[in-house]
1. If the Cβ limit is 7 Å and pairs must be 6+ apart or interchain, which residue in region 206-226 that is over 13 Å from Y175 (Cβ atoms) and in contact (Cβ under 8 Å) with a residue 12 or more places away in the chain pairs with which residue that is open to solvent by less than 100 Å² (accessible area, probe 1.4 Å) and of a type in the set (D, E, K, R)?
2. Can you give me the ranges of the helices (runs of 4 or more DSSP H) entirely in region 23-101 with at least 3 residues that are free of Cβ contacts under 8 Å to residues at least 12 places away in the same chain and either open to solvent by 60 Å² or more (accessible area, probe 1.4 Å) or under 20 Å from E140 (Cα atoms) (or both)?
3. Just give me the residues in region 505-535 being closer than 19 Å to D591 by Cβ, open to solvent by less than 70 Å² (accessible area, probe 1.4 Å) and not in a loop (DSSP other than H, G, I, E, B), in sequence order.
4. Can E390 be described as under 30 Å from G274 (Cβ atoms), open to solvent by less than 30 Å² (accessible area, probe 1.4 Å) and not aliphatic (A, V, I, L, M)?
5. What tally of residues in region 337-378 results from selecting those that are farther than 15 Å from I108 by Cβ and touching a Phe, Trp or Tyr at 6+ places or on another chain (Cβ under 6 Å)?
6. Restricting to region 373-383, what's the tally of residues that are open to solvent by 20 Å² or more (accessible area, probe 1.4 Å) and either over 29 Å from the mean Cα position of the chain (by Cα) or charged (D, E, K, R) (or both)?
7. Out of all the residues in region 423-447, which are loosely packed, with under 13 Cβ neighbours inside 10 Å, in contact (Cβ under 8 Å) with a residue 40 or more places away in the chain and more than 18 Å from P81 (Cα to Cα)?
8. Are there any pairs, at least 6 apart or on different chains, whose C-beta atoms fall under 9 Å, with the first in region 503-530 and at positive phi and the second buried (at least 16 other Cβ atoms within 10 Å of the Cβ) and assigned to a loop (DSSP other than H, G, I, E, B), and if so, which?
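The values are calculated or read from the model by the stated rules, or taken from the named source; none is laboratory data. Fair warning: this is a prediction, and the values are worked out from it, not measured in the lab. Cβ atoms come from the backbone with ideal geometry, glycine included; neighbour counts cover every protein chain shown. Protein only, heavy atoms only, side chains kept; ligands, DNA and RNA dropped before computing areas. Shrake-Rupley method; radii C 1.70, N 1.55, O 1.52, S 1.80 Å.
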Amino acid sequence: MEKQERRFLRMEYLLALGVFLLFAFWVNHGIKMTGLYGDDLYLWYCFDTESLREFILPLGGTKFRLIHNILCYLQLLFMGPDIWLMVPFNIVVNALIALTLFHIVRKIAGCPFLAGACGLAYLLSHLSYYQITQGYGLMEASALWLALIILYLMYRYLNGLGDGRKLYMAASGLYFIVSLIHERYMVLLVVLAAAVVFKHALTGKKEYRLLIWAFLSFAAVMALRLLTTGTIIPAGTGGTEVTDTFSLQEALGYAVDNVLYVFGVNAGPIHLDGVEWQNVPRRLRAVVYLTDAILGVLVLLAAFSIWKQKKRRKEYLCTILLILLFMAMCIGAASVTVRLEMRWVYVTYSAALILLAYLWKIVKNGGGKLAGRAAFAAAACYFVLILPVELFYRDNYENLYFWKGQEEANSLADVTWGVYGDDIFGSEIYIIGEEWEDAEYRTDAFWRPYRRDPSQPLPTVKFIDSLGEAWPITDRDKKIVLKEDPEHHRYVDVTSMIKIKKYQNVYGYYEYDGWMDQKTKIRVFTGTSGQLRIGFYAPKEITGNETITVSSGDRLIQEIHLKDHWADLVIPVMKQRYIELDIECNFYSVDPNQEMRGETPMAVNVQMSAE
């Protein structure tokens, strides 16, 4: 029976993972990345230009994220030029985080349906925007993942669910790792310390020696930061310093906004949350208020159940305080810089889902049958009602501060690398539109990820005002002309509008291998040199009677008498014009009985140059 139960449990987790993957790909189906932008572009530039040691272990910077650097290096190494893989990779990572949340909630509440709903709510949340759309999302996702595991380990430690010493040591080790992914999570030291205090209050056990592991991890992080960055104070956002920009009043305001985000209220400006709260339709705002009221009902039911269960009251209160402290620390860490971004709220929201599950467990254990049913109904209503709200928020991603730039990067990649492939290397790209603010850096960095060979020369970029500045372009030129479409955040390839075919065969010329028949008529577009060079090669025995006659209309240009297999002709021509040539040979080199392409046998092989 035990073996069969384990098999059913494995099937349950596999089914949950399958559902999470399908749901995650569906809810993020409109998101793609084919070109790198912003921090991601800089990350790849460093990956391409720095040594392994310099990339993974940078010295002298403002941030030290060793584990994140290792993860990014592996990601970029295996992804190579296939940038489009970034989004599906991030989706899979977040589906695995949802599975971890499923496991945590299932262990806490014992209800697979509630666990599945929490996993789906995690994936549905519009707070996931950065973790899905950006390469740097791996940093946020991996840090969030480890932070939730630390919270779960402390939950188990506090409630005596396993070897307390091993659980605490594992959490301290993960604390060291997560602090080297993002310094924001160093605040979880408070949670590790509080867990020991709450354990003492709950059971009377004085296990303060365990704090040594937490403080050793903290000291190790501080020592590494001091050695590599020269300071133990974490850097702020956007190149700022926390100590220079911190404002208590502003931090408290951001903390309130953080709480509002968790409760479904978009509390920030449009460029940070996509749609401001006052612009959300009234019907959806009413739905948000209703979901918050439902959560209020669940809290009241849990409070009633705690009041009824005097023997477990301390256990419940200590656990709730532990989760709330975790959320408070994450809120505090996200509120001390110059702005509050939704991606920093994601970990708090995920912990709130765990708290919701724990409150449901409290009601289920001691609230009575009616209260248990009411709690289940409240949770079910909450998860159903957040669906239209989150989908609406997601529909407004285009207003986020980096979205326009990412769409432009995608378009630039699509119309260059996506169309021309390796031919973009060594090419000239003309862009009709505004010059990039960081044109020199972006030109140097943007196409680097697509190179399979570092020796391939990067494209050069020129900004022009009209098509005429790029004319003429022939099919032999490595030139691409793009027009910026700022309204739709894209570039349009207009090369074909001014592209001229270098050689227009009338009859008797085969451009793909250079053969000409005995009688050939061809139109050639001249370049800027004022000369047309033609090299003839006759792969036959030369008798001295072979002639090649070149004329243009009724004008004879030259009659060439072959003395050997090779002959060269230089014709002065007008620049950037089509000229029509008639070429006639009194011999053939390929036996017409063996091969006949046109009306006359093939005579010579030619190379033409009119640059």
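1. Filtered contacts from region 206-226: E207/K199.
2. Those helices (runs of 4 or more DSSP H) span 66-79.
3. Across region 505-535, the qualifying residues are G508, Y510, W515, M516, D517, Q518, T520.
4. The answer is yes for E390.
5. Adding up the residues that qualify gives 3.
6. Of all residues in region 373-383, those open to solvent by 20 Å² or more (accessible area, probe 1.4 Å) come to 373-374, 376-377, 380-381, 383.
Right, trim to either over 29 Å from the mean Cα position of the chain (by Cα) or charged (D, E, K, R) (or both) and you get 373-374, 376-377, 380-381.
Number of matching residues: 6.
7. Passing the criteria: only E434.
8. G508/G598; G508/T600; G530/V573
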